[in-house]
Structure formats: structure tokens, C-alpha cells
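Report on one structure; see the data block that follows.
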Amino acid sequence: KYEFYPLGEYSANYTPAVVVENIAAAKAVENGTNVNLTLKDAKITAYVSSKWGGATAYIEDASGAIQIAGDVLSQFGVENDSTILNGNIYVKYVNEWGSIQLSAGDSIAFSKVEAKEGAVSPTTMAVKDIKAETNVARYVEIAFPSFKYDAENYFYYAAQNGDTIMVVDNFGWMSSNFDLDEEFNLILPDSVSSIRGIVMWDDWNGYSIVPT
């Protein structure tokens, strides 16, 4: 007769990964769900390394965009943006305190991902159209915005045709491209030809854009 001897730990609570056809479908599952995500010309729009170690990235396909842990992508030799991904990746959908991302799933070793260099361009959008849930984590461009500074709350805003959106320098792009005044506030021009960045949302500030 045949006998089966399992290797490693056995869990009676194991749940197979949910197959999802795109990023929008992955964002629709419950928190903590393991998913088998199909990548079809998914582009890495930003890859940000932390000085404390680790990295985070943003991935986008035709359906939407989401943050993804850098240690997931590094398993496929990906450590920069301007990269196009195809294949299937096993990850876990995590939604904690309004912070949504894909982290390493229980079955990530079964992933099959092809990565290649490729041009990554933002979607040009008006400020009034950016503030939508479907745009969170998307790489966008705002054409000819002006800057406004809220000195009382130390917030920066991009304005366009009467609409505004908060500008948050989480990636250090603004501090690297603009000087500081004597009070350590950024000296911003009245307007620029465009701002490119990742759309963010949180419970405290609502929608914002983080320049890249």
C-alpha cells in the first residue's frame, strides 16, 4: 500500500489563495486574504528605498494601482521602477488603518513573474478628478498647477482651476528640488509645468499626491 508522509508543518486552517484577475479585484477581497494575482503588463511606477532598510513600491495595471512591499518584488530581482511585470504572483492583501498594500503571501514561492524594463508614464488628470477611491496609488500628472502653502498647519497644496489637493513630500522629491527659507519652509515657485506623483489617501488628510 501507499503511505503519505508530509514534510514541514501542517495546518488544518490553510486556505487556498483566491484567484484574482487584476489589481482592482485584489483590492476588493477581505483584509488578510491570500490571492493569486494575475499580472498583465503591470508597471512599477515608484520604488522607494528606506534609509532604515527595506523598500516599498507601487504597481499599476489597467484596472487600478496598489502599494506592494519591496521584499516581494526583490524575490524576482526587481528593485527599481520603470519595470513591466507579467505572470502570476501569490501575495496577501493587507488593509490596516487605511494603509493598503500587498505583502508576501503564504504561497509566494509558487509565483511565476517575468520582469522587463519598460517606459512608465503617468495618467494626466485634473485635480478635481483625482480625488476618487479608484485612483488611490495611481501614478498621475497634474498639468500647470500653482502652489499654495498653509502656514498655520504647515501643509502644501497644488491648485488647479480652483481645486486643490495636498502635496506630501514622503519621497523627498520636493526637498531635493527646492530650497528652504530661514524658517525651513520650502521655497516653491508660483507654478510649474507639471507635478508627477502617487495618489494617496488617509483618514486624517484625505486625498494627497506624493511627488516622485
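The values are calculated or read from the model by the stated rules, or taken from the named source; none is laboratory data. Small disclaimer: the values here were computed from a predicted structure and weren't measured. Cβ coordinates were reconstructed from backbone atoms using ideal geometry, including for glycine residues, and neighbour counts include every protein chain displayed. These area figures cover heavy atoms from the full protein model, side chains too; ligands, DNA and RNA do not enter into them. Shrake-Rupley method; radii C 1.70, N 1.55, O 1.52, S 1.80 Å.
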Would you mention how many residues in the range 145-168 are touching a helix residue (DSSP H, G or I) at 6+ places or on another chain (Cβ under 6 Å) and either open to solvent by 50 Å² or more (accessible area, probe 1.4 Å) or under 27 Å from SER50 (Cβ atoms) (or both)?
-> 2
Quick one: count up the residues across the range 201-212 that are of a type outside the set (D, E, K, R) and open to solvent by 40 Å² or more (accessible area, probe 1.4 Å).
-> 5
Checked pairs for the range 183-212, first of a type in the set (Lys, Arg), second not in a strand (DSSP E or B), C-beta under 8 Å and 6 or more apart or across chains, list as ARG196/PRO122; ARG196/THR212
How many residues does the range 72-93 contain that are under 21 Å from LYS27 (Cα atoms), within 14 Å of the chain's Cα centre (by Cα) and open to solvent by 50 Å² or more (accessible area, probe 1.4 Å)?
-> 0
Just one of VAL78, VAL94 is aliphatic (A, V, I, L, M), in contact with a strand residue (DSSP E or B) (Cβ under 8 Å, 6 or more places away or on another chain) and assigned to a loop (DSSP other than H, G, I, E, B); which is it?
-> VAL78
Residue that is nearest to TRP97 (Cα to Cα) [pool: residues in the range 17-71 that are of a type in the set (S, T, N, Q) and either open to solvent by 50 Å² or more (accessible area, probe 1.4 Å) or not in a strand (DSSP E or B) (or both)] = ASN31
Scan (1) among the hydrophobic types (A, V, I, L, M, F, W, C); (2) at negative phi; (3) open to solvent by 70 Å² or more (accessible area, probe 1.4 Å) for the single condition TRP97 breaks and write down its number.
-> (2)
Exactly one of LYS131, LYS112 is touching a residue at least 60 places away in the same chain (Cβ under 8 Å) and touching a strand residue (DSSP E or B) at 6+ places or on another chain (Cβ under 6 Å), and that residue is LYS131
Across (1) of a type in the set (A, V, I, L, M, F, W, C); (2) surrounded by 15 or more Cβ atoms within 10 Å (Cβ to Cβ); (3) more than 15 Å from ILE209 (Cβ to Cβ), LEU180 clears everything bar (2)
How many residues are closer than 16 Å to GLN67 by Cα and either without any contact (Cβ under 8 Å) to a residue 12 or more places away in the chain or not hydroxyl-bearing (Ser, Thr, Tyr) (or both) when one looks only at the range 134-145?
-> 5
